[in-house]
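Asker: The structure follows.
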Amino acid sequence: AEKAKVTVHYSMADGQTVTVQSKEGENLLDIAIENDLDIDGFGINKVTVKFVMRDGSTVSVRSKVGENLLDIAIENDLDIDGFGACEGTLACSTCHLIFEQPIYDQLEEPTDEELDMLDLAFELTDTSRLGCQVCVTKALDGLTVKVPEGVADARDV
Ligand code: FES
């Protein structure tokens with residue numbers, strides 16, 4: 001069932017009241033962020049992620065620090081055919097993303113399990129990672145990730 005909508009009024013520092021709608025169960029920080037409320041210091045834990053899609057277009061989204069790139073793509077309804085087929089359980093390699101070298105160098109080392117699965121990814125590059133295994137950090141703010149042209153689902157091999 002659809003979650004109930006709730007209305008929240010934020011009484012802002014400048015005296016204005018901003019009224020927004022949200023779904024039941026969300027916390028007030030997320031609600032403020034999703035609605036782009038301009039509150040100093042709020043949303044400091046958000047980063048921008050740009051996805052270069054298969055058609056060459058770039059989609060820019062905002063995400064919370066600590067989320068992985070698969071979840072970010074799903075939450076933002078990015079239309080990537082076959083992406084994230086195993087739902088982040090490290091069993092498919094369809095969440096393969098290609099990073100820019102300087103960003104890639106900043107990422108935590110992949111686990112052996114990720115490397116094994118990456119080997120099966122479509123169009124593997126030297127800066128490839130699995131989106132479900134890479135969580136965004138503040139340092140990565142503004143990063144660009146490229147969606148490969150196709151997917152290879154390791155479970156079909
Ligand atoms: Fe399947 Fe990442 S979603 S390995």
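Asker: Considering only segment 74-91, I want to know if a residue exists there that is over 29 Å from Ala152 (Cβ atoms), over 16 Å from the mean Cα position of the chain (by Cα) and not basic (Lys, Arg). Lay out the reasoning, then the answer.
Answerer: Filtering segment 74-91 down to residues over 29 Å from Ala152 (Cβ atoms) leaves none.
Scanning segment 74-91 turns up no residue that is over 29 Å from Ala152 (Cβ atoms), over 16 Å from the mean Cα position of the chain (by Cα) and not basic (Lys, Arg).
Asker: To continue, here is another question. How about segment 128-157: which of its residues are surrounded by 13 or more Cβ atoms within 10 Å (Cβ to Cβ), within 11 Å of the ligand (Cβ to nearest atom) and not in a loop (DSSP other than H, G, I, E, B)?
Answerer: Within segment 128-157, Arg129, Leu130, Gly131, Cys132, Gln133, Ala154 qualify.
Asker: What pairs come up if the first residue lies in segment 1-28 and is among the basic types (Lys, Arg), the second is exposed (fewer than 12 other Cβ atoms within 10 Å of the Cβ), and their beta carbons are under 8 Å apart, counting only those six or more places apart or on different chains?
Answerer: Cβ pairs passing all conditions: Lys3/Glu24; Lys3/Gly25; Lys5/Gln21; Lys5/Glu24; Lys23/Lys3; Lys23/Ala4; Lys23/Lys5.
Asker: Oh, and also: Which residues, counting only those in segment 95-109, are under 21 Å from Gly150 (Cβ atoms) and either more than 15 Å from the chain's Cα centre (by Cα) or among the basic types (Lys, Arg) (or both)? Steps first, please.
Answerer: Going through segment 95-109, the residues under 21 Å from Gly150 (Cβ atoms) turn out to be 95-100, 104.
Those that are under 21 Å from Gly150 (Cβ atoms) and either more than 15 Å from the chain's Cα centre (by Cα) or among the basic types (Lys, Arg) (or both): Glu100, Tyr104.
Asker: When segment 89-127 is examined, which residues are found to be polar (S, T, N, Q) and either within 12 Å of the ligand (Cβ to nearest atom) or part of a loop (DSSP other than H, G, I, E, B) (or both)? Lay out the reasoning, then the answer.
Answerer: Kept after step one, since they are polar (S, T, N, Q), are these residues of segment 89-127: 89, 93-94, 101, 106, 111, 125, 127.
Answer for segment 89-127, where residues must be polar (S, T, N, Q) and either within 12 Å of the ligand (Cβ to nearest atom) or part of a loop (DSSP other than H, G, I, E, B) (or both): Thr89, Ser93, Thr94, Thr111, Thr125, Thr127.
Asker: Quick one: would you say Leu69 is surrounded by 15 or more Cβ atoms within 10 Å (Cβ to Cβ), over 19 Å from Val52 (Cβ atoms), out of contact with any Pro (no Cβ under 9 Å at 6 or more places or on another chain) and not hydroxyl-bearing (Ser, Thr, Tyr)?
Answerer: Here the answer is no, as Leu69 does not meet what is asked.
Asker: Now, a different point. Of everything in segment 6-25, what is loosely packed, with under 14 Cβ neighbours inside 10 Å and closer than 20 Å to Asn76 by Cβ? Give them in sequence order.
Answerer: Start the filter on segment 6-25 by keeping residues that are loosely packed, with under 14 Cβ neighbours inside 10 Å, which leaves 6-7, 9, 11-17, 19, 21, 23-25.
Answer for segment 6-25, where residues must be loosely packed, with under 14 Cβ neighbours inside 10 Å and closer than 20 Å to Asn76 by Cβ: Gln21, Lys23, Gly25.
Asker: Considering only segment 59-88, how many residues are of a type in the set (Gly, Ala, Ser), within 16 Å of the ligand (Cβ to nearest atom) and assigned to a loop (DSSP other than H, G, I, E, B)?
Answerer: 4
The numbers here are math on the coordinates, done by the rules we state, and not lab data. Keep in mind that this is a model prediction, so the values were computed, not measured. Note: ideal-geometry Cβ built from the backbone for every residue, glycine included; neighbour counts use all protein chains shown.
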